[in-house]
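Written out below as C-alpha cells is the structure these notes cover.
The values are calculated or read from the model by the stated rules, or taken from the named source; none is laboratory data. This one's a predicted model, so the numbers in the text were calculated from it and none came from an experiment. Cβ placement follows ideal geometry from the backbone for every residue including glycine, while neighbour counts extend to all protein chains displayed.
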Amino acid sequence: MRAAGFAALVALIAAGALRAQSAAPRSTGTDAVAVVLRVVDSIAVPRDTIDRESPEPIGLGALLRPGDRVVPPSGGHLLVLHAGGDLERIEESRRIEDPGVEATGLFRVIRAQLRRPAAPAGVREPPGPGAFELPVRPTGDRRVRSLTPTLIWRASEGAEGYRIHLWHPEGRIMTVEISADTSWTLPADQALTPGMAFEWAVEPFPGGRVSTRATFKVASREVLDEVASELGRMREAGLDPGGDGLLAAAIVFRALGLPYDAADALAELSTRAEPWSPELTAFRQRLADELEPRTEAENETGP
C-alpha cells in the first residue's frame, strides 16, 4: 500500500476509539493475522485453540489467529488476506501461521474495524444476511462519495407525485417533479461539487407540505482521491473492489467516513450465498445503528 495514502487513513482511525491501531505492531501470536474475504461452500475452523475437536463454521470477515485450522470441504475454498498483504486461496486443510511481519495498512484497517466490540446485549438482535435495510438517505450531515447521489425518502400516503427541492450552498435551489417513486438520482449535468454541504426536502402532491430539510455533504476531493487510490491499490494486489474485494472495500469506505458506500457494499454482500462471521455481523449492526435517522422529524413527509 502507498505509505502516504494509508498513513492518512490510519490517522483517521487513530483519532477515535482505535487510537492504539495507529502504529504498525508485529503480531503477538494471539492477535489476528489473517481475515477471510470470500467463502465458497462451507468452511470449518476450530477457533481459540488448535486442540479443539469440533470445528465451527467460518464466515466472511472472520479474523484468524495463529494456530487456527481451516478445513475446506471437497470443492470448496476461501480467500484469505494475510497481515503482510499476501492473498491466499486455501483449498486444503491447513493451519494459519504467524507471519512475523508488520501488518499492512489495509489489513490493520480491516482488523481494527472488525474487532471493535459489538453493541451491548439486549439492544437489538443483529439482522441476518439479506435483512439489511437502508434508512432514508442521505441525511444527518453524513458524507457521500457520488457527485450524483440518489435521494431516498419515505412514501407519503395519497401522494400522486413528489417535488424534490435541493439547496446548493451558494443559495440557489433546484426543484424537480417526479411520479410516485420514492427515490431520485441527480442527472450528470447537475453533478454536485466535492467538499460542499447540501440540503434537500420532499413535497408530496397534491396537498402535501414540504418535509423538514435533510442535510448531507459531498466528500472532499482529497477523500475522493484517497478512495480512488486505495481501490486502485486493491486491484493491483489482485482484489476486485466489486467482487472478491467487496468486503475490504466496505471497510475502507467506513474508515474514510463514507457510511452509505459501506452500507451499499454490505447490502451487495448480503445477496451472495456466503456465510457471515460474528465479526462482520457486528460491524454491519454498528453501521445500521449509525445510519438510523438522528431525529424523528428528519426527512418525514405528511399531508
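So is T215 surrounded by fewer than 14 Cβ atoms within 10 Å (Cβ to Cβ), under 21 Å from T139 (Cα atoms) and of a type outside the set (A, V, I, L, M) or not? For T215, the condition - surrounded by fewer than 14 Cβ atoms within 10 Å (Cβ to Cβ), under 21 Å from T139 (Cα atoms) and of a type outside the set (A, V, I, L, M) - is not met. Only one of the numbered conditions (1) crowded, with 16+ Cβ neighbours inside 10 Å; (2) modelled with pLDDT under 90 is violated by L256, and that is (2). Where strands (runs of 3 or more DSSP E) fall wholly inside region 42-116, the ranges with 1 or more residues that are in contact with a Lys or Arg (Cβ under 8 Å, 6 or more places away or on another chain) and at pLDDT 85 or above are 77-82. Kindly list the number of the only condition in (1) touching a residue at least 60 places away in the same chain (Cβ under 8 Å); (2) surrounded by fewer than 20 Cβ atoms within 10 Å (Cβ to Cβ) that fails for S220. Exception for S220: condition (1).
Where helices (runs of 4 or more DSSP H) fall wholly inside region 194-287, the ranges with 2 or more residues that are farther than 21 Å from G105 by Cα and out of contact with any Gly (no Cβ under 6 Å at 6 or more places or on another chain) are 259-269.
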